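The values are calculated or read from the model by the stated rules, or taken from the named source; none is laboratory data. Nothing here was measured: the structure is a model prediction, and the numbers come from that model. Note: ideal-geometry Cβ built from the backbone for every residue, glycine included; neighbour counts use all protein chains shown. Areas reflect the complete protein model, heavy atoms only, side chains present, ligands, DNA and RNA absent. Shrake-Rupley method; radii C 1.70, N 1.55, O 1.52, S 1.80 Å.
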Amino acid sequence: MLKIQNRIGFKLLLAFSVVLVLCLVFVSALNHYFWVGFGDFAISANEQKVKQQAYEFLEGITEERAEKYEAVFQRIAAHSRFIARQAELLYARAGSPPQRAIRADEYLSLYPPNGIFYTDPGEPVMTCYWGGKSIPRQVEDEINILAPLAPTLVEAREKNPEVAASHLIMTSGLGVYYPNFEGVYSLPPVSELDLRDTNNYVMADPRNNPGRKTLWVPVYQDDADHGLITTVTTPIVGRDGAYLGAAGLDLPLENILEQVLGPAHLHPDLKAEGLFSFLLDGRGKIITFPLDLLGDFGLDPNLEALENSLDLLETGLADSSQPQVRALAERILAAPVHTSRLLLGGEPHVVSSHALHSAGWHLVTAVPEAVFLAPLLDLKSTLSQRVETLVGLVYLVLLLFLGAAVLVTVLFSQRVFLNPLKEIADAAVKIGEGDLEVRLDSGRRDEIGILARSFDEMVAGLRRAREMEGEYAVALEDTVEDQTRQLQGQKAALEQTLQILEKDVLKRQKAEEELQYRNALLATQQETSPDGILVVDQDRRIKGWNRNFLDLWTVPEDLMRSNRHREVIEIACSQVRDPDAFKERIQHLYEHLDEQVAGEEIPFRYGRVVERHSRGLVGEDGRFWGRIWFFRDVTERKRTEEQLKALDRIKSEFISTAAHELRTPLTSLMGFTELLLDPGQFGGFSPEQKRDFLAEIYEKGEALRKITDDLLDISRIEAGKPIPMEMAPCDLAGLVEKVAGDFRVSASRHPIELDLDELEGEKVPLDRGKMVQVFENILSNAIKYSPEGGAVRVVGKGVENGVEIAVADDGIGMSPEEVGRVFDKFYRADSSNTAIGGLGLGMSIVRHIVERHGGKIRVESAQGRGTTVFLTLPSDRGAA
């Protein structure tokens, strides 16, 4: 084994070995980390990609299926509408009385168990009557009218295999069904169930369905043994607008789940285990749902409570006991298309939804996430085994390399470093003993050779220094004599220079006096300027400022005098809205002194706006030596500009609103007038219809008159002219009751409660017409901003030196900011809701009229809690 006798060689070898070992350990660890990390990264990246592709795939499937299923539901709904329209056509074409080809007493027979009349079971289409113990002539006429509709019912059922039955439920108590199956005979007695009380009949009633639309009924228990079903229903309306009945098609829940939403029908490329779909209505309530999965969704509907068609399945995802399912319901209803991840039964699922716009439903498809990730898990296992094998091989190669490197290092260090270094150390010891004749020229060209040559040059330099030491002592004496003579000559020159300086001092004093005068003039100009002025030299030292600058930027004067320019900038930055942009702009202008600035606006944090002007200061030689800044507060000017813009915007909104308010009644006026001018074109009208048209024309003309009166009143107020008043004692309670009575007729869906007992017989001096206008405006606002069926309360009482009337509603209410603007001209509390009419002038005119009567008006309101208007009028009555 090689023996190392030199200590530095041992240290060098040891250090090199340690570094080499550490490098190998680092490389091996990095290699292990790289391979393992690469495997994990590859799996993670592919997992994310597969998940994303799965989401997109499932979302595409759901969208494709939604379009197909919507076509199915639209087809079924179209047949319901077609049956209803055919029935209306048959009623319209029927004679009076119609021809009776069918005799009811021969066609229908009483079924004693439930008291319902039925046709013979052999008939393909069943007709039944449950309206009484005998069949009236009117029902017999109706049987003959609807007889031609039987093929249409058959066609609707046969062309829609998902449908269990097509039917008619008429207002007279007559029913028509296809097919004629025995389950219909199991209907309960009329005393327990009247089909006119079922939801598919009640929901189609135009009183509940003003748009006379085709509707889908929520899930219910069928009375004819079809189990849980949903029904599409369409109202049948006569020429006079009377509700004649409903035409419908029944869809069993089982058929929808198996024939439409079953996994085999969802998509040919997605037949994975655990895949399922369901339907929700526009409120998130269940239309169809796999009953065996209700528990996984945290739903527990009482299905046993669905006894007949009067009971609906009013259960939705929002009723789930699981927060994540309730959150999913909100996201599904909030967006037409949605895809997310949901944990069901401890297993993650991918859930995708798509809106069915025709029925207002949502189709939801779900599949376990593991279906998409199974191939990735197998790949991860295989890749982990290969990585472990590769890491073992790398460790073996590194150990072999380490042994070889140590052996080569020992041999190389002994020959290249250790022996030459020992020779240099021996030569250094000789030089220390005084021997300057040592030589180390080794002839090498590497760093060791350079070190040896440098050593020889150092020894030669030491020899030359010893020779020069004697020569320097002699030269030093000659130098001292020369220096003495030079100092004497410099003394004479200094005395002459002092005389010249005295003359320069006198000139400088005169120049300083001139400069003081100019500075005083400049200071006066700065202090009298309306702008804040700051002067800074090219090294950013503060050279001047005025009082307006200190006041504008709230900078202490001692800070300016101490020339702390950076702190002044920080104070300014703390006040502006964008400190970074402000500081960046200042830096730019300091770096470009030749650039001029005019009219730059600086927005402050608290609404102020300052205008900035600046230019470089140029000396007589044309060189820039600083910059002067001018700052002017333009807040009031900007505020005035914004107010002018706001007024222009309000004017535009008012013109648009006024045009809309005037166009609506004008359109009605022109329409009814056209009907009266050319009745022949529209088939003629009865005297009652003409009176109704004239009443509508009068009502719309009255609306135009009120709008015109409001505009005339507001123009008088704007012109400073008082609204004319005709004051006279008036029964205030009676006046309020009269106005409330008119609104009870025109707004019957809003009950108006009056409590005016304290004002009974009270005579108050007022202009009756103007006060009617006041209460019409207040009550109209209370009704307009109240929910459907919301009550309006009017309470009157006596107060000190007058009477007070409060009008309260349960409407949408107002914020404090809206309450503060409620009396402004053209202001509407909810201008975004175009369905609520008005020009925004009413309350402004109301306040003017009340104040002209010597009264006061105020408003109290809170958002979501309604509004109360308090109106106080002077009276001879004392406190009640």
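Brief remarks follow.
- In terms of packing, defined here as the mean over residues of other Cβ atoms within 10 angstrom, the peptides 230-238, 107-115 line up highest first as 230-238, 107-115.
- In a simple Cβ point-charge model (Lys, Arg +1; Asp, Glu -1; nothing else charged), the range 108-201 has a dipole of about 120 debye relative to its Cα centre.
- Computed with every protein chain present, the accessible area of Asp580 is close to 120 Å² [probe 1.4 Å].
- Cleavage-rule hits, trypsin sites (Lys or Arg not before Pro), the range 726-835, DSSP coil, Cβ neighbours within 10 Å at most 14: Arg749
- Exceeding the 19 Å Cα-Cα cut-off - candidates Lys738/Lys770; Lys738/Lys763; Lys159/Lys285: Lys159/Lys285
- Rg and Dmax [Cα atoms of the range 530-633; Å; Rg one decimal, Dmax integer]: 13.1, 44
- Lys/Arg +1, Asp/Glu -1 at C-beta; the range 530-633 dipole; positive extreme among Gln538, Leu552, His592: Leu552
- Ranked order, Ser320, Ser358 - accessible area, probe 1.4 Å, largest first: Ser358, Ser320
- Cα-based Rg of the range 79-257 normalised by 2.2 N^0.38 Å, two decimals: 0.96
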